[in-house]
1. Treating only the Cα positions of the chain as identical point scatterers, give the base-10 log of I(q)/I(0) from the Debye formula at each q in 0.09, 0.10 Å⁻¹.
2. For a quick size check, give me the Cα extents of region 1-148 along its three principal axes, largest first, whole Å.
3. R0 = 25 Å: FRET efficiency of ARG89 with GLU196, Cβ-based, nearest 0.05?
4. Can you list the DSSP H helices in the chain whose Cα atoms extend at least 18 Å along the helix axis and whose mean Kyte-Doolittle hydropathy is -1.0 or higher?
5. With an 8 Å cut-off on Cα pairs and a minimum separation of 6 or more residues, tell me the relative contact order of the chain in percent.
6. If I stretch the segment between ASP227 and LYS119 completely, what's the gain in nm (0.36 nm per residue apart, minus their alpha carbon distance), one decimal?
7. Putting +1 on Lys and Arg Cβ atoms and -1 on Asp and Glu Cβ atoms, find which of HIS237, ALA250, GLY202 reaches farthest to the positive end of the dipole of region 198-264.
8. Region 194-251: D in µm²/s via Stokes-Einstein (Kirkwood Rh, Cα pairs, 4 °C, 1.567 mPa s)?
Amino acid sequence: MSELLKVTGLNIGLVNAEQPIVENVSFALREGAALALVGESGSGKTLTCKAILQLLGTKTFHVSGSVLYRGTELLSMKEQEIRALCGHRISMIVQNPMSAFDPTVKIGAQIVETIRAHKNMTKKDAYAAGCAALEKMNLPRCSQLMNSYPHTLSGGMLQRIVIALALILEPEIIIADEATTALDVKNQKDVLEEIEKMKKRGIGVLLVTHDFGVAAKLADDVIVMKDGKMIERGTVHQIFAAPKEPYTKALLKASLLEKEDRRD
Ligand SMILES: Nc1ncnc2c1ncn2[C@@H]1O[C@H](COP(=O)(O)OP(=O)(O)OP(=O)(O)O)[C@@H](O)[C@H]1O
Ligand SMILES: [Mg+2]
């Protein structure tokens, strides 16, 4: 299977600080495969995702290393070039869905505009494609939803809209940063199924999650991060059945205990 993304020696630090926040992160993402980045809060998962797409402001962050997308270096690309790629070939589902929308514009207009920015469609067709994708994400009553402002919708609804948009745009790579964390069990299951279908169509998924259960369902390979460093990596089977590092073992145990607590 061909390699979609190759990250080598990625370092991220604050411009005025010596100590890097993310240090020497390397991984490859293949077509139709999912790679999970797991690790506790603050371990550098979101920064890693954002650095790939040059979403970290250069006034605040210093990024070095290499990020190859099908052999093309992204880190040296001009902002304009990389924006033309994002949302089209590489799409990110952000951790905070509210930040993905303009609060002053109704959802429908934003969906139609996003679709038309990447696909040659009439407004009417883009609206219909938007409705079909929303329905897949358990969001019926399309016209009512399209007519709403973002702040009137719940975080879970906004997250499902972001995922619906990612589905329509059919990128080659999806970076899903805690895409299912804000969702209830039913919606989480549906979103995971949709991501699974994307994988089957050859899309590469970089899956960021606290939840080992989510990683177990979707990921082929897992990287465990701690304090900005990769602590352990392996196939999903290796990490779950025979974790080597005490930190990985502790994370797995904590994740299982959390699950039991939720069941009580
Ligand atoms: N804008 C910023 N300025 C300074 N430090 C930052 C900034 N953004 C993130 N950091 C620091 O970088 C580290 C990694 O942050 P990051 O958001 O990547 O963590 P994460 O693994 O995604 O955590 P979570 O699971 O809570 O989302 C944290 O210690 C955080 O405090
Ligand atoms: Mg994060």
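1. Taking Cα atoms of the chain as identical point scatterers yields -0.41, -0.51.
2. Reported extents, whole Å, longest axis first: 51, 36, 30.
3. About 0.80, to the nearest 0.05.
4. Sorted by number, the helices that extend far enough and score high enough are 123-136, 155-169, 246-263.
5. 26
6. Answer, rounded to one decimal: 34.9 nm.
7. About the Cα centre, the residue reaching furthest to the positive side is GLY202.
8. 107
Read-outs throughout are calculated quantities, based only on the coordinates presented, and are distinct from any laboratory measurement. Remember, predicted model here, so these are calculated numbers, not experimental data. Using ideal geometry, Cβ is built from the backbone for each residue, glycine included, and neighbour counts are taken over all protein chains shown.
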